[in-house]
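Reading through the structure tokens given below for one structure.
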Amino acid sequence: TAVTVQNTVGVSEVHVVPVSVLEGQIAAVLSDIGADAVKIGMLPSSEAMMIVKKSLQIYGIQNSVLDPVMVSTSGRKLMDDQAIATLKNELLHAVRIITPNLPEAGMLLGRGISNRDEMPLVARELSDNRKVSVLLKGGHLDGDELTDVLYNAETDEILEFKSYRIATCNTHGTGCVLSSSIAAFLAKGHTLNDAVRNAKEYTDGAIRAGAAYEIGKGHGPVHHFYGFWK
């Protein structure tokens with residue numbers, strides 16, 4: 001959807017891929033190979049979002065995971081206000097699950113979220129009357145114990161996933177890793193609850209393993225292949 005100029009310190013430039021190319025990329029793959037699951041990351045424009053929404057409908061994608069990437073790890077805003085409105089009003093309800101962090105959830109709802117007790121209610125509110133499941137990530141709150149809240153709109157239940165903060169600056173791409181691994185587990189046939197649980201375990205392991213390395217001057221990556229490297 002876009003080509004970025006970035007490193008561990010931050011994103012300095014974004015070049016948006018023309019929507020005709022984006023639409024062609026999606027059609028080329030899904031019309032030929034298909035997909036058991038789709039993970040959606042940064043969508044820099046309203047036009048790109050509408051192409052993605054239309055494509056999900058045309059090709060009947062059931063397992064779609066949307067990571068609403070609105071702000072980079074370094075704090076750069078990656079969407080304009082019109083794109084944020086399109087994301088909220090058009091695309092959120094076209095996918096199976098969304099995975100916002102607290103700042104992204106606040107941007108979608110138009111208010112700040114300051115404590116863990118609010119998170120179940122916020123997740124339900126983002127679901128918009130059970131139209132989409134929500135994994136609300138609590139890593140931006142203070143404290144050593146972290147809580148992510150899953151509202152499963154398909155079963156109308158709340159699940160909490162607790163973990164402990166890992167002392168590392170190598171957290172670049174953590175949200176992308178989590179949402180991509182949820183999609184991977186859904187593609188393997190896991191239930192939504194199990195896919196999120198397994199993805200959380202994988203991502204926590206990748207953060208923990210990545211903490212052992214010094215990569216770059218800012219936020220280095222997690223260790224994606226820790227299960228294979230000894």
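A short reminder: the numbers here are calculations on the coordinates, not readings from a lab. What you see is a predicted model; the values in this text were computed from it and never measured. Counting neighbours? That spans all protein chains shown, and the Cβs are built from the backbone with ideal geometry, glycine included.
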Suppose each label sits 7 Å from its Cα in the direction of the beta carbon; what would the Val16-Thr168 distance come out to in nanometres?
3.5 nm
At R0 = 22 Å the Cβ-Cβ FRET efficiency linking Glu160 and Asn198, nearest 0.05, sits at 0.90
Going by amide H atoms built from the backbone, whose H comes under 5 Å of the H on His172, apart from near neighbours?
Gly220, Val222
Karplus (6.51, -1.76, 1.60) ³J(HN,Hα), θ = phi - 60°, over segment 188-196, in Hz, Gly and Pro reported as x
7, x, 5, 5, 4, 4, 5, 4, 5
State, to one decimal in nm, how far the label point of Asn115 lies from the label point of Lys77, with both points 7 Å from Cα in the Cβ direction.
2.9 nm
Would you give the gap between the C-alpha center of segment 145-179 and the C-alpha center of segment 11-55, rounded to a whole Å?
25 Å
Only helical DSSP H runs with n ≥ 4 go in: add -39500 (n - 2.57) per run for the chain, normalise by residue count and round the 222 nm mean residue ellipticity to 500 deg cm²/dmol.
-11000 deg cm²/dmol
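Under 9 Å from the Cβ of Lys162, count the other residues' Cβ atoms, weight Lys and Arg +1, Asp and Glu -1, and hand me the total.
Net local charge, Lys162 excluded: -3.
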Given the convex hull over the Cα atoms of the chain, what projected area results after averaging over all orientations, in nm²?
12.5 nm²
Using 7 Å Cα-to-Cβ label points, what is the His140/Ile58 separation (nm, one decimal)?
3.4 nm
Within the chain, percent of DSSP bridges classed antiparallel, to nearest 5:
65 percent
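All other residues with a Cβ under 10 Å from the Cβ of Thr191 taken together, and with Lys, Arg as +1 and Asp, Glu as -1, what is their net charge?
On the way: positive: Arg197; negative: Glu154, Asp194.
Here the charged neighbours net out to -1.
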Given the Cα-Cα distance of Thr191 and Gln25 and 0.36 nm per residue of separation, how much length would full extension add, in nm?
56.9 nm
Listed here are the pairs Lys53/Lys200; Lys39/Lys137; Lys137/Lys200; Lys131/Lys162; Lys39/Lys88; which of them are more than 22 Å apart at the Cα?
Lys53/Lys200; Lys131/Lys162
Options Val5, Asn101, Gln82, ranked by Cα towards positive dipole end of the chain, top entry (Cβ charges):
Val5
Value of relative contact order over segment 119-230, rounded to a whole percent, pairs C-alpha under 8 Å and six or more apart:
20 percent
